[in-house]
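These notes are about the structure you will find just below.
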Amino acid sequence: MTPLGGIETGGSKWHCAVGTGPGGLLATETIPTTTPRETIARAVAFFERAGPVRALGIGSFGPLDHDPASPTWGHITTTPKPGWANTDVGQELRRRLGVPVAFDTDVNAAALAELRWGAAQGLDTFCYITIGTGIGGGAIVNGRLLHGLRHPEFGHLRLPHDAELDPFPGVCPYHGDCWEGLASGRALEARFGRPPHELDGRDDVWELEARYVALGLVSVISVLSPQRIVVGGGVSTAPALLPRVRAQVAALLNGYLSADEVGVAIDGFIVPPALGGRSGVLGAIALAEAL
C-alpha cells in the first residue's frame, strides 16, 4: 500500500515524514522555517524524493483556516510570525503534489497521534497541551477532534496575574499577559534574559512557570473535564517543571476532584507525550489516514 505523508509546520522548523505510523516511518526530514516560498519548495522536494504518498496530512501552527468549505481553507491566517500571515499552505501543497490533503493545527494533530498510538489510547476525552516557543492545545472530545468557530486557542486563556509579584507584562502581541504571554518559551526568555534550557537550577523560574502552567491547566480541567492531559513541547521537558505543575494543580483544585476521578495519582493524569517530539508529525500522518 502506498504510504502517507505528514508535515508538522512549526515556527522554527518543519518536520516531514513518509510512512504509516510510529513503527513504519520510511523517510523523515527537518526543514528550517524560512520564507513561505522556500520552505514549501523544500517540503515539496522532500516528498518528490521520498514518495509517492497517497495523501498528505498537515498539522500547522496557526491561527489557520481549517474549514474545507472556505475559499481560504489551508491558509495560515493572522499569525504574528513575520512573513507568514495569510499564507496558503494546504492548497499549495495539494496543487503541487497532486494528492488529497488534510489540514489542522499542529496541536490537534499531536492529540490525534497520542490517541491513536500514544498516552491517550483508550480515552475518549482528553487534551494535548504544548508548552514551547508558544503555548497551544488540541482536544479530543467524545472521540473526535474539537472544532467550532475556529480551532481551540488554549494559549490565549486569560490567567490571574499578580502584577506586584510578577510585573512582567507578557509577550503576546494580542493580549499581553495571556497564558502564552506569561508562560511560553518566548516569555521565559524575555522575562529572565536567557532561553529556557539555560535556566536549569533556578527554583524561582520554575516555581513561577509551574504556577502559570497549573493555572491554565485548571481552567482546561474545569471547562472540558478531560480524562487525561498530555503536556508536550520543549519547555515541558525541563526536569523541574512537571512535578511542580502536578503539585500546584492538586493544590489549586483543593480536593474538588477526587483521586478516583483523575486516576490513582495525579502523576497519571498530567503526563508527557508517549510519542515524544514525534507527536505532531505522526498526527499529521493520522490526519492523512482519515482521508
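Quick notes on this one:
- Region 21-30, subset out of contact with any helix residue (DSSP H, G or I) (no Cβ under 7 Å at 6 or more places or on another chain) and in a loop (DSSP other than H, G, I, E, B), residue surrounded by the most Cβ atoms within 10 Å (Cβ to Cβ): 24
- Of all residues in region 83-90, at least one satisfies being in a helix (DSSP H, G or I), in the same structural domain as residue 104 (by TED's automatic domain parsing) and touching a Phe, Trp or Tyr at 6+ places or on another chain (Cβ under 6 Å).
- Here residue 77 passes the criteria (1) over 20 Å from residue 149 (Cβ atoms); (2) touching a strand residue (DSSP E or B) at 6+ places or on another chain (Cβ under 7 Å); (3) surrounded by fewer than 20 Cβ atoms within 10 Å (Cβ to Cβ) except the one numbered (1).
- Exclusive hit being in the same structural domain as residue 283 (by TED's automatic domain parsing), within 19 Å of the chain's Cα centre (by Cα) and without any contact (Cβ under 8 Å) to a residue 60 or more places away in the chain, set 35, 39, 30: 30
- Among the residues of region 101-129, those identified as in a strand (DSSP E or B) and among the aromatic types (Phe, Trp, Tyr) are 103, 126, 128.
- Exclusive hit being in contact with a strand residue (DSSP E or B) (Cβ under 7 Å, 6 or more places away or on another chain), among the polar types (S, T, N, Q), without any contact (Cβ under 8 Å) to a residue 60 or more places away in the chain and under 20 Å from residue 155 (Cβ atoms), set 9, 87: 87
- There is at least one residue in region 251-265 that is assigned to a helix (DSSP H, G or I), surrounded by 15 or more Cβ atoms within 10 Å (Cβ to Cβ) and either modelled with pLDDT of 90 or more or under 16 Å from the mean Cα position of the chain (by Cα) (or both).
- Residues of region 69-82 classified as at pLDDT 90 or above and part of a loop (DSSP other than H, G, I, E, B), total: 7
- Selection count where residues are out of contact with any Asp or Glu (no Cβ under 7 Å at 6 or more places or on another chain) and within 23 Å of residue 186 (Cβ to Cβ), scope region 110-134: 8
The values are calculated or read from the model by the stated rules, or taken from the named source; none is laboratory data. As the structure is a computational prediction, the values presented were derived from the model and not from experiment. All Cβ positions, glycine included, derive from the backbone under ideal geometry; neighbour counts span all protein chains shown.
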